[in-house]
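Written below as C-alpha cells is the structure these notes are about.
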Amino acid sequence: MKRKYFAMFMSLLLAVTMIIPTQALAANGTTKAINEKLGVPIVVYGANLSETEREMVKTALRVNEEPEVDEITVAGGDLVKYIKNGNASSRMYSSAKITRQDEGKGLVISIVTPENITQVTAEMYASAMLTAGIEDAIVEVAAPKPVTGHSALVGIYKAYEVRTGETLDVERTDVANEELSVATTIAENAGVSDEQVANLLTEIKKQIAEQAPATKEEVQQIVEEQLTKLEINLSEQDRQLLVDLMNQIRNLNIDFSQWSEQLAGLSQTIEDKFGSLSDLVQDEGFWNSVKNFFSNLIDTISSWFGSNSDADTQTE
C-alpha cells in the first residue's frame with residue numbers, strides 16, 4: 001500500500017516540476033534561435049567555483065534556455081592581463097553570460113543574483129564597460145555566494161575578446177577597473193546609494209565630454225560642481241580619488257557623446273529585456289501557491305499513511 005501512495009506522490013511531484021519550467025518558458029517568449037550573425041552567448045565561469053557552485057551559476061544564468069553556448073573560464077592569470085598590478089592568485093567566483101547585440105543597441109546589464117553581488121551595481125558595470133570600450137551587449141552576472149563582484153568584469157573582458165576577435169586596450173580596461181574600485185569605495189565611505197554614485201560618475205563624464213577639459217584643474221572643477229549639484233559630500237581623500245580617476249579617463253580620449261543616452265535608458269532596457277522573467281521569479285503569489293501546493297500535498301500524504309498505517313502493518 002505504501003508503494004502505491006509513494007508512486008502517486010512521485011507522479012504529482014514530477015507534474016509540478018514540469019509545470020514550473022513551462023510557465024517560465026511561456027513568460028520568456030518563444031524558443032530562442034541561434035544567432036548566426038553575432039554568434040551564441042558566451043558563459044564565463046570563475047575558475048574557483050566548485051562543481052556544485054558551477055551548476056548553481058548555470059541555473060541562475062539560465063544556460064539551459066539557450067540553444068547553444070560557448071563556455072570559458074576566467075582565472076587569476078586573466079586578471080593580470082587586463083589589470084595592471086593585478087593579483088594572479090586572486091580567487092574568481094563571480095561569473096557572467098554575454099550576448100552580443102547589433103550596433104546601437106547599447107548595454108543591458110542584469111545582476112541575476114543581487115544577494116550575492118554585494119558591491120557592484122548594474123550601472124557601475126555598464127559605466128566601467130563603456131570605459132573599457134565594450135558596447136552593444138546583454139550581460140548577466142551571477143555568483144553562488146556573497147562576493148564583491150569585481151572579478152566578473154574581467155570575465156566579461158575575456159568573453160568579449162573571444163566573441164568579437166577584437167583586442168581591448170589594456171590601458172582602458174585598467175582604468176575601468178579603477179573606476180569600479182572608486183565607485184564602490186565612495187558608496188561605502190560616503191554613505192550614499194550605489195545609484196547616486198553611478199549617477200555622479202555619469203554626470204561628470206557628460207560634462208567632460210561637453211567641456212573637453214584640458215587640465216587636471218579643470219577636471220577638478222567639474223567634479224566639484226557635480227558634487228555640489230547632486231549634494232554629495234566626500235572626504236578630501238575620496239574627492240582626490242574621484243578627480244584622479246576622471247583625469248585618467250580624460251586622458252583616454254574617449255568619445256562620451258553617446259554614454260548619457262545609453263546609461264539613461266539602462267533601467268528601462270533591463271525591465272524590457274528581463275521584466276517578464278523577473279515578474280515570474282519574484283511573483284510572491286505564484287511561489288506562495290507552489291509552497292501551499294507542497295504543504296497541502298505533504299498533509300495529504302501524511303493522512304494517507306496515517307489512516308492506513310494499521311492496515312499496512314497487518315499486511316506486512
### Message
Go through (1) without any contact (Cβ under 8 Å) to a residue 24 or more places away in the chain; (2) surrounded by 21 or more Cβ atoms within 10 Å (Cβ to Cβ) for VAL120 and report which single condition fails.
### Response
(1)
### Task
Among the residues of the stretch 200-219, write down those that are surrounded by 18 or more Cβ atoms within 10 Å (Cβ to Cβ) and polar (S, T, N, Q).
THR202, GLN207
### Message
Quick check on the stretch 51-71: of everything there that is within 17 Å of the chain's Cα centre (by Cα) and aliphatic (A, V, I, L, M), which residue is farthest from TYR160 (Cα to Cα)?
### Response
MET56
### Message
Against the conditions (1) β-branched (Val, Ile, Thr); (2) within 28 Å of VAL182 (Cα to Cα); (3) at pLDDT 90 or above, where does VAL120 fall short? Just the number, please.
### Response
(3)
### Task
Check the stretch 96-117 and report whether any residue there is of a type outside the set (Asp, Glu), over 20 Å from ARG62 (Cβ atoms) and under 12 Å from the mean Cα position of the chain (by Cα).
no
#### Entry: Filtered residues of the stretch 83-101 (kept if closer than 15 Å to GLU161 by Cβ and assigned to a loop (DSSP other than H, G, I, E, B))
ILE83
### Query
Taking the condition β-branched (Val, Ile, Thr), surrounded by 14 or more Cβ atoms within 10 Å (Cβ to Cβ) and at pLDDT 90 or above, does VAL44 pass?
yes
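Please verify whether the stretch 163-178 includes one or more residues that are without any contact (Cβ under 8 Å) to a residue 12 or more places away in the chain and within 15 Å of ILE83 (Cα to Cα). If you could, list the steps in order and put the result at the bottom.
Looking only at the stretch 163-178, we keep the residues that are without any contact (Cβ under 8 Å) to a residue 12 or more places away in the chain, and these are 165-167.
Still in the running and within 15 Å of ILE83 (Cα to Cα): 167.
Yes, the stretch 163-178 contains at least one residue that is without any contact (Cβ under 8 Å) to a residue 12 or more places away in the chain and within 15 Å of ILE83 (Cα to Cα).
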### Query
If only one of VAL108, VAL80, VAL141 is in a helix (DSSP H, G or I) and among the aliphatic types (A, V, I, L, M), which one is it?
VAL80
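This table checks each residue for (1) among the β-branched types (Val, Ile, Thr); (2) modelled with pLDDT of 85 or more.
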{"site": "LEU130", "(1), (2)": "no, no"}
{"site": "GLY133", "(1), (2)": "no, no"}
{"site": "VAL139", "(1), (2)": "yes, yes"}
{"site": "ALA143", "(1), (2)": "no, yes"}
{"site": "VAL147", "(1), (2)": "yes, yes"}
{"site": "SER151", "(1), (2)": "no, no"}
{"site": "GLU161", "(1), (2)": "no, yes"}
{"site": "LEU168", "(1), (2)": "no, yes"}
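The values are calculated or read from the model by the stated rules, or taken from the named source; none is laboratory data. Since we're looking at a predicted model, the values are computed, not measured. Note: ideal-geometry Cβ built from the backbone for every residue, glycine included; neighbour counts use all protein chains shown.
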